[in-house]
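Some notes on the structure that comes next.
Derivation of every value follows stated rules applied to the coordinates shown; laboratory data play no part. No experiment lies behind these values; they were computed from the predicted model shown. Because the Cβ atoms are built from the backbone with ideal geometry, glycine has one as well, and the counts that use them run over all protein chains shown.
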Amino acid sequence: MNWHINNNELIFDNGEAVSFDFSIAQAKDVEGVIVVILGVPASEVMTENVFGISYEGKIIWQIERTPATATNPINSYIGLRKGGTGKVILHNWNEVATVVDTKTGRITDSWVERYR
């Protein structure tokens with residue numbers, strides 16, 4: 001499925017579009033799920049800024065809230081990379097790497113790692 005980003009919208013070739021409250025900083029197709037990271041301004045707090053989008057243009061998950069880090073804007077996610085079958089590794093400003101299941105959005109692991 002082909003898609004493109006226009007500021008805060010993920011637009012599919014079939015005409016479907018998904019709009020977000022903030023601009024899209026990064027998006028990657030990972031085994032049939034488009035994983036989207038929103039660029040949250042420093043003046044805002046939204047640490048659940050990662051979404052999984054289906055090819056039909058539906059939000060299938062939003063990353064789960066992590067109570068220990070949810071109120072600090074430095075914990076917004078800023079980057080992603082593929083992490084094996086059905087997994088994506090997300091990075092936040094606080095140098096925490098988080099593994100997420102791309103089908104469910106559930107966090108399965110995390111560790112400290114500098115984002116490159």
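Restricting the search to strands (runs of 3 or more DSSP E) fully inside segment 30-116 and requiring at least 1 residues that are exposed (fewer than 14 other Cβ atoms within 10 Å of the Cβ), more than 14 Å from the chain's Cα centre (by Cα) and touching a residue at least 12 places away in the same chain (Cβ under 8 Å) gives 107-112. When you look at Ile59, is it out of contact with any Gly (no Cβ under 6 Å at 6 or more places or on another chain), within 19 Å of Phe22 (Cα to Cα) and β-branched (Val, Ile, Thr), yes or no? It is true that Ile59 is out of contact with any Gly (no Cβ under 6 Å at 6 or more places or on another chain), within 19 Å of Phe22 (Cα to Cα) and β-branched (Val, Ile, Thr).
Scanning segment 1-29 for residues that are among the small types (Gly, Ala, Ser) and either outside any loop (DSSP other than H, G, I, E, B) or closer than 21 Å to Leu90 by Cβ (or both) turns up Ala17, Ser19, Ser23, Ala25, Ala27. Filtering segment 96-109 to residues that are more than 14 Å from Gly79 (Cα to Cα) and polar (S, T, N, Q) leaves Thr102, Thr104, Thr108.
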